[in-house]
Amino acid sequence: MNHVKKLLKLSIVFSVLGTMLYTYVFFRNQFPDTLRVFEGEEQLVSFSIPVSGTLYDKREREVMSFPVTDNVTIVADTDYQFRMQLKLFGVLPLRDVNVQVTPKTSLTPVGVPVGIYMKTNGAMVIGIGDFIGSDGMKYAPARYLLQEGDYILQVNGEKVTGKKDLTRRIRESEGEALQLMVERGEELIPMSLQPKADQNGVYKLGIWIRDNAQGVGTMTFIAEDGSFGALGHGINDVDTGVLMELQYGELYHTDIVGIRRGSVGTPGELTGLISYQEDNKIGEISRNTKRGIFGKLDNAFIEEISEESDYLHAVPIGAKHEIKEGEATILSAVSGSVEPYSIRIDKINYYSMSEKRELELEVTDRRLLEQTGGIIQGMSGSPIIQNGKLVGAVTHVLVNDPTKGYGIFIEDMLEQNHT
């Protein structure tokens, strides 16, 4: 009997400790580890939980402190960095927050669809297999050497310009070993591979390769200097899922010619007509990152869309701590012209395992639900506006419920562009 009582007591103790630990972690995740405040602007910072705090400068000198409260007002007059030490209920160490003071930033939310063309460095390996040789034997020259996601940059010391170039060199090898320079992550790896002739006498390595990506996405913002951000996520290879390495990229005018509505289990899609002609080009892509694509627009395109839309005007950006669960708006041109559509921000994930799922969204606008079923492919990059500020961009749809999707903080999207 005493043994049972002891086990019961231990069970209660562990249950209480587990609850306390869960509560502490929950509170700890209610605030980001980086707080962006804007130079010269008074900002009310809400913690949603009772904390006290002490602010230290770079030299670890105390600048200010505040007693237990659920919000505090911060004003900073210079571009600087601070460390804020937070304590739950003024006692329990909770989190150190990096306070970054930055100049005020305004961007123009866009929401227009764009055609995307991106060329990779060299040729990207997307698959490795075997084939039957001219002697009837099975060969796989690249197996155990090349990997999916590798980039073949050189053959016999000469630069590989793309898929056609690499295929030609393999075919013309006459079975002689090829000296390759392969990029794998941040590593350059020299290797030697010997092509084999297939049943038709064509020399092969047994690899599938790709050197470009094309598609339709949505432009998120235009900065004062004509630079842009789009998609809210990177362009990954459809087969390997690897972020594609950019050699150069271009943006083009696109016209939406069809909409496939989303349904449960089947994501919808915008179908765009893109003409990859020089006179249809509207800008250059300079970076492909995990939080979006970035580059520079032609002035003529900026003037054109500014004249066509009543919604294209600069607004302040909203820091992640300013975003609240509740009503918000996205801009999209699914109807043929840019229009605002109502959504609800259901959840804010400061510590999401995926940078694409920092905001959980739900479409509440009947017009958009009737047109598209919710969020569909091609809408990635649609700007999210709340309380007159640009706070994020749509990234993905929830496949099992197209009325819901995910978004990224505009603060993180901009930070990715500057790293």
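The values are calculated or read from the model by the stated rules, or taken from the named source; none is laboratory data. Note that this is a predicted model, so its numbers are computed, not measured. Quick reminder, even Gly has a Cβ in these numbers, built from the backbone with ideal geometry, and neighbours come from all protein chains shown.
Among the residues of region 270-298, the ones that are in contact with a strand residue (DSSP E or B) (Cβ under 6 Å, 6 or more places away or on another chain) and not in a loop (DSSP other than H, G, I, E, B) come to 20 in all. For region 166-195, the candidate set comprises residues that are without any contact (Cβ under 8 Å) to a residue 24 or more places away in the chain and under 22 Å from Val238 (Cα atoms); within that set, the residue that is surrounded by the fewest Cβ atoms within 10 Å (Cβ to Cβ) is Glu186.
Among the candidates Gly53, Gly122, single out the residue that is surrounded by 15 or more Cβ atoms within 10 Å (Cβ to Cβ) and either in the same structural domain as Ile274 (by TED's automatic domain parsing) or touching a helix residue (DSSP H, G or I) at 6+ places or on another chain (Cβ under 8 Å) (or both). It would help to see each step written out before you state the result.
Working: Gly53 fails: either in the same structural domain as Ile274 (by TED's automatic domain parsing) or touching a helix residue (DSSP H, G or I) at 6+ places or on another chain (Cβ under 8 Å) (or both).
On inspection, the qualifying residue turns out to be Gly122.
Can you confirm whether region 313-335 contains a residue that is farther than 27 Å from Val99 by Cα and free of Cβ contacts under 8 Å to residues at least 24 places away in the same chain? Within region 313-335 (the criterion being farther than 27 Å from Val99 by Cα and free of Cβ contacts under 8 Å to residues at least 24 places away in the same chain), the answer is no, since none of the residues qualifies. Total residues in region 248-267 satisfying the condition of being in contact with a helix residue (DSSP H, G or I) (Cβ under 9 Å, 6 or more places away or on another chain) and of a type outside the set (Ser, Thr, Tyr): the figure is 6.
Of all strands (runs of 3 or more DSSP E) completely enclosed by region 21-119, which ones contain at least 3 residues that are among the β-branched types (Val, Ile, Thr) and touching a residue at least 24 places away in the same chain (Cβ under 8 Å)? Spell out the reasoning first.
Numbers: elements: 34-38, 43-56, 62-74, 81-88, 92-102, 106-109.
Here the list reads 43-56, 62-74, 92-102.
Looking at region 180-239 only, could you name the residues that are assigned to a loop (DSSP other than H, G, I, E, B) and under 30 Å from Glu303 (Cβ atoms)? Matches in region 180-239: Ala223, Glu224, Asp225, Gly226, Leu231, Gly232, His233, Gly234, Ile235. Condition test on Val257, is it over 30 Å from Thr161 (Cβ atoms) and free of Cβ contacts under 8 Å to residues at least 60 places away in the same chain? Considered against the rule, which asks whether it is over 30 Å from Thr161 (Cβ atoms) and free of Cβ contacts under 8 Å to residues at least 60 places away in the same chain, Val257 comes out as yes.
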